[in-house]
Amino acid sequence: MNIPQSSFPRIIIIGGGFGGIALAKKLSKKEVQVVLLDRHNYHTFQPLLYQVSTGGLEPDSIAYPIRKVLQGYPNFYFRLAEVFQIHTEDRTVETNIGTIGYDYLVVATGSETNFFGNKGIEEKGMAMKTIPQSLNLRSLILENFEQALLTDDLHQRDALMNFVIVGGGPTGVELAGALAEIKKGILPKDYPDLDTRRAQINLVQGSDRILPAMSEVASHKAERFLEQLGVNVWKDIRVTDYDGQRVTTSTNTSFETATLIWAAGVQAVNIPGLNGKELLCRGNRLKVNRYHQVEGFEEIFAIGDVAQMETEAFPNGHPMMAQPAMQQGRNLGENLVRLLDDKPMKPFVYRDKGSMATVGRNKAVVDLPKIKFQGVFAWFVWMFVHLYFLIGFRNRLVVFINWVYNYVRFDREARLIIRPFKKQYRTSKSRN
Ligand SMILES: Cc1cc2nc3c(=O)[nH]c(=O)nc-3n(C[C@H](O)[C@H](O)[C@H](O)COP(=O)(O)OP(=O)(O)OC[C@H]3O[C@@H](n4cnc5c(N)ncnc54)[C@H](O)[C@@H]3O)c2cc1C
């Protein structure tokens, strides 16, 4: 990998996400050699992926070059590499560009979509966890409308204009709201010769309320906002299968759609070598202690979505969200320095700063530790927080300008089919 030997201990970080970057920043001026490995050369701001999928933002405005984050950090090395295997016995990691040894290893690989073993949904449905996936979804949505114009089969046309979003967490809610706004504000103008009023946006949630991780008041308000936007919210329904045309559920309800978007679960991204059964908790997360050390190892740490730290306040681990990942990255950075200075490490304590979700224009719900609010002010708070946490001045500026423009013009101009994407849609004829 062409990384020089150094007298400083070598810390390898796998993953330049929220956790990995926060950790790297903490180590920037310390006497350590840091090697950051990621399969992408950019950091993804996942909370705004849905805006890329729905043409509100260009992908470059929510991605940031990892090399730029590390600019000016002495003893830092970034390598664009996919890690395949961890060899704990000889303390090396194996990647597609070679093998490298570590003194300390930090696994910050995040999570991926969990289809819970349902092959039909995995094959025919759409996930939205990465920028390429969001671009695929954007293309698919737009291509479906182009296709709907061409067919005179009403049944097929409806299916091409129907959307089923599975999972009523923040991702599902935000996506449903954005699609509803497109239906209302953009489709009638873009497709005047298509009866876009027939387009249906269905949000399907397995439990009895959407946004189950937020307060009841936030759930109810978000549901009301979605209904105002014309979204059909289905609760207590589990999607069981999808064949590319028909969505079957745990009830008698089924849907005909060319677009099923799966936002109903994630699981940790594990790397072979550290995936022994005794280390894994629910959702494939790695069991770590209060100092982020993976069970059984003093020199291997895990942070963020991939780590499960069970505490009294969080017996099932911290939420798989950006805040815990960042706070863990910062805490681990301090602890690694303390470890090298022969000082005792500090146990991690998560400070919950609250959660929020937006449903659309002027509509958001915010739960802070001491206060909960919804509506226009919540929407401004949501925008401010997202701008604040985006990495890079240019990204913040571009996103801000886009949002102002979209707000004033009721528009989303990134509705471009740059790289066509087609999922196989099974027509009624092809089914026979
Ligand atoms: C659509 C969506 C919306 C979300 N909205 C919110 C929100 O509103 N608020 C919130 O707090 N959280 C939100 N989240 C969750 C939040 O993004 C994650 O909790 C957070 O990204 C976790 O950070 P992390 O550092 O653990 O992993 P990530 O940020 O996912 O980073 C993991 C990194 O590891 C790299 N990697 C993985 N495996 C390998 C490998 N084998 N080799 C090399 N590199 C590898 C990946 O390329 C990636 O860069 C959302 C997530 C999604 C998908």
State the antiparallel share, in %, of DSSP beta bridges confined to the chain, rounding to the nearest 5. 50
Summed over the other residues with a beta carbon less than 10 angstrom from that of PHE421, with K and R at +1 and D and E at -1, the charge totals +3
Hey, which lysines would be in cross-link range of LYS183, C-alpha to C-alpha under 29 Å, not counting anything within fewer than 8 residues on its own chain? LYS124, LYS129, LYS221, LYS235, LYS363, LYS422, LYS423, LYS429
Farthest towards the positive end of the dipole of segment 291-385, among ASN335, GLY375, PRO319 and with Cβ unit charges of +1 on Lys and Arg and -1 on Asp and Glu, lies the Cα of GLY375
Amide H within-cut-off set for PHE314, under 5 Å, with H built and near neighbours excluded: none
Out of all DSSP beta bridges in segment 119-264, what portion is antiparallel? Express it as a percent rounded to 5. 30
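What does the highest-first list of 167-179, 394-406 look like by mean Cβ count within 10 Å?
Values: 167-179: 25.3, 394-406: 15.7.
Ranking, from highest mean packing down: 167-179, 394-406.
Note down the magnitude of the dipole of the chain about its Cα centre, charges +1 on Lys and Arg C-beta and -1 on Asp and Glu C-beta and zero elsewhere, to the nearest 20 debye.
Working: 52 positive and 44 negative charges, 183 e Å.
Roughly 880 debye, rounded to the nearest 20.
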Around PHE380: net Lys/Arg minus Asp/Glu count, Cβ-Cβ under 12 Å: +2
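Nearest 500 deg cm²/dmol is fine: what mean residue ellipticity at 222 nm does the chain get from its DSSP H runs of n ≥ 4 alone, each adding -39,500 (n - 2.57), divided by its residue count?
On the way: 13 runs with 140 residues, N = 432.
So the helix-based figure for the chain works out to -9500 deg cm²/dmol.
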So who's got an amide H within less than 5 Å of the one on THR151, skipping anything under 5 residues away but keeping other chains? H placed 1.01 Å off N, in plane. none
Amide H proximity to VAL269 below 5 Å, modelled H, separation 5+ or other chain, gives GLY110, SER111, GLU112
Could you work out how far the C-alpha centroid of segment 98-162 sits from that of segment 1-77, in angstrom? 24
HN-Hα J couplings of segment 355-362 from phi, Karplus 6.51/-1.76/1.60, θ = phi - 60°, integer Hz, Gly and Pro as x? 9, 7, 8, 10, 10, x, 3, 6
Give a residue-ordered list of calculated ³J(HN,Hα) values for segment 308-320 (Karplus: 6.51 cos²θ - 1.76 cosθ + 1.60, θ = phi - 60°; whole Hz; x for Gly, Pro). 10, 10, 8, 10, 4, 6, 10, x, 9, x, 6, x, 7
Distance between the C-alpha centers of segment 187-264 and segment 290-337? Whole Å please. 34
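Contact order normalised by length for segment 119-264, with contacts defined as Cα pairs under 8 Å and 6 or more residues apart; what percent is it? Write out the running numbers ahead of the final one.
Working: 257 pairs, mean separation 49.3, N = 146.
Relative contact order here is 34 percent.
Could you size up the charge dipole of segment 80-174 around its Cα centre, putting +1 on the beta carbon of Lys and Arg and -1 on that of Asp and Glu, and report it in debye to the nearest 20? Mind dumping the intermediate values first?
Details: 6 positive and 14 negative charges, 35 e Å.
Result for segment 80-174 is approximately 160 debye, rounded to the nearest 20.
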Pop out the ³J(HN,Hα) list for segment 42-47 in order, Karplus 6.51 cos²θ - 1.76 cosθ + 1.60 with θ = phi - 60°, rounded to Hz; leave Gly and Pro as x. 9, 8, 9, 8, 4, x
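Treat every Asp and Glu Cβ in segment 119-264 as -1 and every Lys and Arg Cβ as +1, leave all other atoms uncharged, and give the resulting dipole magnitude about the Cα centre to the nearest 20 debye. Please report the intermediate quantities before stating the final value.
Working: 16 positive and 20 negative charges, 77 e Å.
Once rounded to the nearest 20, the dipole reads 360 debye.
Any read-out appearing in this document is the output of simple, stated calculations on the displayed coordinates, not a laboratory observation. These numbers were taken from a predicted model, which means no experiment stands behind them. Here Cβ is always computed from backbone atoms with ideal geometry, including for glycine, and neighbour counts include all displayed protein chains.
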